[in-house]
Amino acid sequence: MGTVVTIEVVRPDAGTAIERALDWFRHVEATCSRFDPQSELFQLTARIGEAVPVSTMLFEAIRFAVHVADATAGAFDPTIGSVMQQRGFNREHRSGTEPPRIKTDDTPAYRDVVVDDERRTVMLRRPLLLDLGAVAKGLAVDLAARELQPLEDFAIDAGGDLYLGGLNRERAPWAVGIRHPQHAGGMIASVSLSNRAICTSGDYERGDHILDPREARRARLQAGERRARLPRAPEREARRRQPGIGKTGSVASVSVIAASAMLADALSTAAFVLGPEAGLRLLEAMTVDGLIVGRDLTVATTPGWPRE
Amino acid sequence: MVVEAGKIVEARVERCLTRYSCNWVTPIPPRILAKQGTTYDYVSGATESSDAFQDAVAEALSQAKP
């Protein structure tokens, strides 16, 4: 996953639990990587128009991703992969190798991913490159957390995506700093957490790697032969009237606290895309707590965000 | 990475061979220095891409062990 995973268990008799927890990261990576031609996800994208039976892990990851795409009206969209490939995010972070390019349709469209709950199959109605990046890492954190649950007090850190179980070595809730998006080494906020995941999305680490799927669609429509005009949804109209509000560029980072890292990761990505106001509305509607830092460093939180 | 008396005293990038702009990794060294005095158990931030740098840090720290 191109990131460093740290697991800390407070009690001394962790046994092989940490190794088993780390195995989940390897397993999720091997299943959900869009960079690895051997991965189940990669192989799925080669079978278009076919209902493909997939493993429970891949099925749950895709079902979750499509569900979040639905709930966020496409602000989070797992079919963004083709756009990311075009923009050069096609390097496998671990080995530095580039996978063979898949010829895909350009337009992100999670609606063309058909998930069959009964048969446990996934069908791509047209060539699409699924990117489960925002989901897979969270899923791995959650599976690792489940593995460590019997040990009660533990922390999992997957490149800043965290799950904090129980209490720290001082028998207090874990103290978590939220990185300042502009000051290296500085924190913009802190929270105390127990049995919660926290994930942060921002564009200060890997560069501009969070793409607004809706923006990509608009850009393509403008550039393409068919100069179709998109109907203006009320929200889009509102964003047009309020420059700076609701644009991806107005958010520096979004942190989300949830019971699951998979949910926290996906929703922080979606809220980042939606912008401060719509982002906070989404987080409240999904009954998670979030903190959004604007590019002007204004900080906005959901009402339930824990105060220090 | 320079480690003296169990403390990280210097961190810098000697060579940058990343596909993306090297500006992206320049904030990392000061962060390494700052983090050793932190009052937090953990830090939540956007995904770190700094594999090479992490490796360099790990390498230096392993060599620094008595």
*Number of the exception - A:R125 against (1) more than 17 Å from B:V43 (Cβ to Cβ); (2) over 18 Å from the mean Cα position of the chain (by Cα); (3) modelled with pLDDT of 95 or more*: (3)
*Subset of segment A:280-308 [among the small types (G, A, S) and closer than 25 Å to A:A175 by Cα]*: A:G290, A:G294, A:A300, A:G304
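Would you check if A:R146 is more than 10 Å from chain B (Cβ to nearest Cβ), assigned to a loop (DSSP other than H, G, I, E, B) and more than 17 Å from the chain's Cα centre (by Cα)?
no
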*Could you please find all residues in segment A:42-56 being surrounded by 14 or more Cβ atoms within 10 Å (Cβ to Cβ) and modelled with pLDDT under 95?*
A:F42, A:Q43, A:L44, A:T45, A:I48
*Looking at (1) modelled with pLDDT under 90; (2) surrounded by 22 or more Cβ atoms within 10 Å (Cβ to Cβ), find the lone condition where A:D208 falls short.*
(2)
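The values are calculated or read from the model by the stated rules, or taken from the named source; none is laboratory data. Being a predicted model, the structure only gives us computed values, none of them experimental. We place every Cβ from the backbone using ideal geometry, glycine too, and count neighbours over all the protein chains shown.
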